[in-house]
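Data block below; observations after.
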Amino acid sequence: METGTEMSANKEVEDPPPLESSFVKTEEKKKKKKKLTKAGRKKLRQEQTETFSKHRRIIASDKTAGDLQLERDLFGGEAELVETFEKKAAAKREFQQVDDESEDDDESGIAEDEIPEKKRKKKNIKKPVWVDEDDEKTELGQVVNAYTRGKHQKLEGSKHSYKNYVEKRFESVYGSSPDWAKVKADDAKDEDDPLLMRSTVYLDSKRDALPAGDIRLEFCAELNSEQIEGSLQAVQFHPWSQVALVAGTAVVVSLYQVTVTETNCVFHATRSIRFKSRELRSATFSANGNEILVGGGMKSRNLFVFDMLSGETKTCFFPKDRQFPCWQHIAVQPDGEFIVGKGYGDEENCVHFISGSSKQWISTVRLSDTVKAFCFSPCSNYLLVTGGYGDEENCVHFISGSSKQWISTVRLSDTVKAFCFSPCSNYLLVTGDGGYIHVVDARLRRCVKRYNDSGSLVGTAIAFSPCGNLLAVGNDSGVVNIYNAESLLNDVSSKNMDPEPMKTIMNLVTTVDILKFNHSSEILAMASSRKENAVKLWHVRSRTAFKNFPAPGKNYGKIMALDFSLHSGFLSFANNKWKAKLFRIPFYPSF
């Protein structure tokens with residue numbers, strides 16, 4: 001006869017449903033593919049927990065004390081075990097729900113490969129975050145002023161899209177749309193990103209340094225094959241686009257589009273602008289690259305601004321009580337806020353500030369000495385002006401780049417011939433008569449050190465490398481000394497002897513006028529305007545000149561201006577024969 005305890009145990013065994021039936025019901029619920037509500041999911045979870053607890057008690061009745069202890073050691077108590085299985089069940093339900101949704105989306109039964117390529121691309125193309133509806137509705141005739149005359153008068157009443165017109169104008173000046181403006185597909189791989197690929201090129205070029213000995217230099221042609229600019233005064237590459245500028249005394253500035261292909265380079269003239277001036281002495285791009293600034297000389301003291309996008313030219317006017325500056329030299333602030341020119345006549349000791357945005361006269365700073373040359377510091381905080389009277393042109397004036405007020409004047413022992421700021425803008429290095437290198441602290445506004453330039457009597461050119469480690473100083477006898485810039489600037493507080501140059505370059509025999517490093521500080525270009533073919537390229541790492549440039553039997557004339565492209569893919573220089581030579585440097589794949 002069974003006891004009461006045994007009868008209750010048997011009753012408990014008979015009450016719970018079989019294991020197979022509970023699992024079958026669960027599978028049937030999953031197959032319905034219906035999204036459960038929050039209350040439904042909670043109820044289902046409670047039912048599964050109760051079912052599991054009942055079976056747990058059944059199994060536990062047949063276990064020994066040792067089995068139960070081992071189970072607690074491995075899985076914890078009953079509550080912890082239930083919680084673990086609940087988490088696994090919840091994760092499985094979420095996965096099943098996502099899988100069901102994906103199956104619903106694919107009910108059409110069409111495979112990805114069977115979708116037409118055009119539709120697939122259309123599906124993957126990213127959409128703009130924000131679209132201005134007025135851009136699509138605006139017509140060209142609505143934008144053009146009703147009083148417009150000249151070449152724009154024919155645009156009045158045009159029904160064409162103003163947006164398309166502006167895009168075509170941009171492409172006509174700068175070429176095709178830049179890569180960063182092109183919309184990529186959602187499924188585009190990061191490995192194909194142009195920025196990543198371009199960075200890889202830079203890393204490879206650093207790993208495989210520019211070889212010494214002979215430089216691979218491909219002569220493309222003269223940029224200005226028609227030679228309509230006259231005697232050239234300037235050649236410059238655009239700060240970010242594949243465009244080159246050539247300007248000459250014929251008061252003509254030409255723009256050339258340069259394109260690099262796998263086999264060669266292609267360039268063509270995009271525009272030639274003739275200005276209403278009697279002479280042209282300077283031309284340069286604005287800080288943002290959207291405008292060209294052209295300055296007249298002593299005969300025509302005007303500053304012209306050519307907008308590369310609109311194609312319009314305007315002249316900067318000055319108050320009637322001011323004499324027009326002489327724009328033989330133009331200084332553009334790196335941040336683009338101001339443009340500076342020097343005075344003329346009774347105001348030859350003045351510096352005029354022009355707004356970089358409105359191109360209107362802002363203020364004039366009058367100094368105690370005649371203004372000779374000027375430049376902005378890389379940080380835009382200072383405008384440096386050199387000047388003086390007669391043979392005592394030994395003054396260096398500091399003007400604030402923000403307030404346009406005179407700060408301080410530093411008087412040196414020698415006449416100033418050339419100067420440059422360090423890349424950090426903390427130091428100004430000056431050379432001139434006497435063959436000395438003066439180190440001026442821009443923060444203290446005083447000369448903190450003076451070095452003797454080895455073998456120099458008159459310094460004529462000076463340049464810092466972009467990396468800031470090298471300083472090149474040229475003199476009137478054609479000698480160029482290369483110094484370790486760090487040792488020069490670090491020893492300003494000590495009383496050490498004059499430093500020895502790392503290398504003395506004696507490839508030129510006439511006055512050095514041009515010193516320019518390329519963007520990676522691997523090449524130093526040096527030139528003199530006093531003699532034909534007086535140009536050399538110097539390999540910085542090996543401290544040797546390239547043997548095959550200039551090429552034997554070639555006459556490049558007297559070099560008047562020289563410039564590297566943005567990533568040193570091209571080299572161009574203007575000579576006195578009205579020609580702008582263009583060379584391709586294949587070692588640098590980018591423009």
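The values are calculated or read from the model by the stated rules, or taken from the named source; none is laboratory data. Values in this document were obtained by computation on a predicted structure and should not be read as measured data. Note that each Cβ is placed from the backbone with ideal geometry, even for glycine, and that neighbours are counted across all protein chains shown.
Please pick out the residue among 433, 346 that is over 28 Å from the mean Cα position of the chain (by Cα), under 26 Å from residue 472 (Cα atoms) and among the acidic types (Asp, Glu).
The match here is 433.
Results for (1) crowded, with 19+ Cβ neighbours inside 10 Å; (2) over 33 Å from the mean Cα position of the chain (by Cα); (3) modelled with pLDDT of 95 or more; (4) more than 22 Å from residue 233 (Cα to Cα), shown as yes or no for each residue.
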residue: 491; (1), (2), (3), (4): no, yes, no, yes
residue: 524; (1), (2), (3), (4): yes, no, yes, no
residue: 533; (1), (2), (3), (4): no, yes, no, no
residue: 537; (1), (2), (3), (4): yes, no, yes, no
residue: 555; (1), (2), (3), (4): no, yes, no, no
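In a strand (DSSP E or B), modelled with pLDDT under 85, out of contact with any Ser or Thr (no Cβ under 8 Å at 6 or more places or on another chain) and not polar (S, T, N, Q), is that true of residue 221?
yes
Yes/no matrix, rows are residues, columns are (1) assigned to a strand (DSSP E or B); (2) under 30 Å from residue 307 (Cα atoms):
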position: 352; (1), (2): yes, yes
position: 358; (1), (2): no, yes
position: 373; (1), (2): yes, yes
position: 383; (1), (2): yes, yes
position: 395; (1), (2): yes, no
position: 413; (1), (2): no, no
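Quick one: in the range 424-460, which of the residues that are free of Cβ contacts under 8 Å to residues at least 40 places away in the same chain and of a type in the set (D, E, K, R) is farthest from residue 511 (Cα to Cα)?
443
For the range 542-553, enumerate the residues that are of a type in the set (Gly, Ala, Ser) and either part of a strand (DSSP E or B) or modelled with pLDDT under 90 (or both).
545, 551, 553
Could you pull out every one of the strands (runs of 3 or more DSSP E) wholly within the range 481-541 that has 2 or more residues that are of a type outside the set (Lys, Arg) and in contact with a Lys or Arg (Cβ under 9 Å, 6 or more places away or on another chain)?
So the answer is 523-527.
What number of residues within the range 235-247 satisfy the criterion of being in a strand (DSSP E or B) and either within 15 Å of residue 582 (Cβ to Cβ) or modelled with pLDDT under 90 (or both)?
Counting residues in the range 235-247 that are in a strand (DSSP E or B) and either within 15 Å of residue 582 (Cβ to Cβ) or modelled with pLDDT under 90 (or both) gives 7.
Look at the range 564-582 and say how many of its residues are within 26 Å of the chain's Cα centre (by Cα) and either surrounded by fewer than 20 Cβ atoms within 10 Å (Cβ to Cβ) or part of a loop (DSSP other than H, G, I, E, B) (or both).
5
What number of residues within the range 210-228 satisfy the criterion of being in contact with a Lys or Arg (Cβ under 6 Å, 6 or more places away or on another chain) and not charged (D, E, K, R)?
Adding up the residues that qualify gives 1.
Given (1) more than 25 Å from the chain's Cα centre (by Cα); (2) surrounded by fewer than 16 Cβ atoms within 10 Å (Cβ to Cβ), where does residue 589 come up short, assuming only one miss?
Evaluating residue 589 over (1) more than 25 Å from the chain's Cα centre (by Cα); (2) surrounded by fewer than 16 Cβ atoms within 10 Å (Cβ to Cβ) leaves (1) as the failure.
Could you grab me the full set of residues in the range 338-363 that are at pLDDT 85 or above and surrounded by fewer than 17 Cβ atoms within 10 Å (Cβ to Cβ)?
355, 357, 358, 360, 362, 363
Within the range 528-541, can one find any residue that is under 17 Å from residue 431 (Cβ atoms) and in contact (Cβ under 8 Å) with a residue 40 or more places away in the chain?
yes
Name every residue in the range 541-565 that is basic (Lys, Arg) and more than 20 Å from residue 465 (Cβ to Cβ), in order of residue number.
547, 554, 558
Out of the residues in the range 148-173 that are of a type in the set (Ser, Thr, Tyr), assigned to a helix (DSSP H, G or I) and at pLDDT 75 or above, state the one that is farthest from residue 132 (Cα to Cα).
Result: 165.
Looking only at the range 390-403, decide whether some residue is crowded, with 20+ Cβ neighbours inside 10 Å, among the polar types (S, T, N, Q) and under 30 Å from the mean Cα position of the chain (by Cα).
no
Given the conditions (1) under 25 Å from residue 398 (Cα atoms); (2) surrounded by 17 or more Cβ atoms within 10 Å (Cβ to Cβ), report the number of the one that residue 443 does not fulfil.
Every condition holds for residue 443 apart from (2).
Filter the range 460-506 for residues that are among the small types (Gly, Ala, Ser) and either touching an Asp or Glu at 6+ places or on another chain (Cβ under 6 Å) or within 17 Å of residue 523 (Cα to Cα) (or both) and give the result.
Those that are among the small types (Gly, Ala, Ser) and either touching an Asp or Glu at 6+ places or on another chain (Cβ under 6 Å) or within 17 Å of residue 523 (Cα to Cα) (or both): 461, 463, 465, 468, 472, 474, 485.
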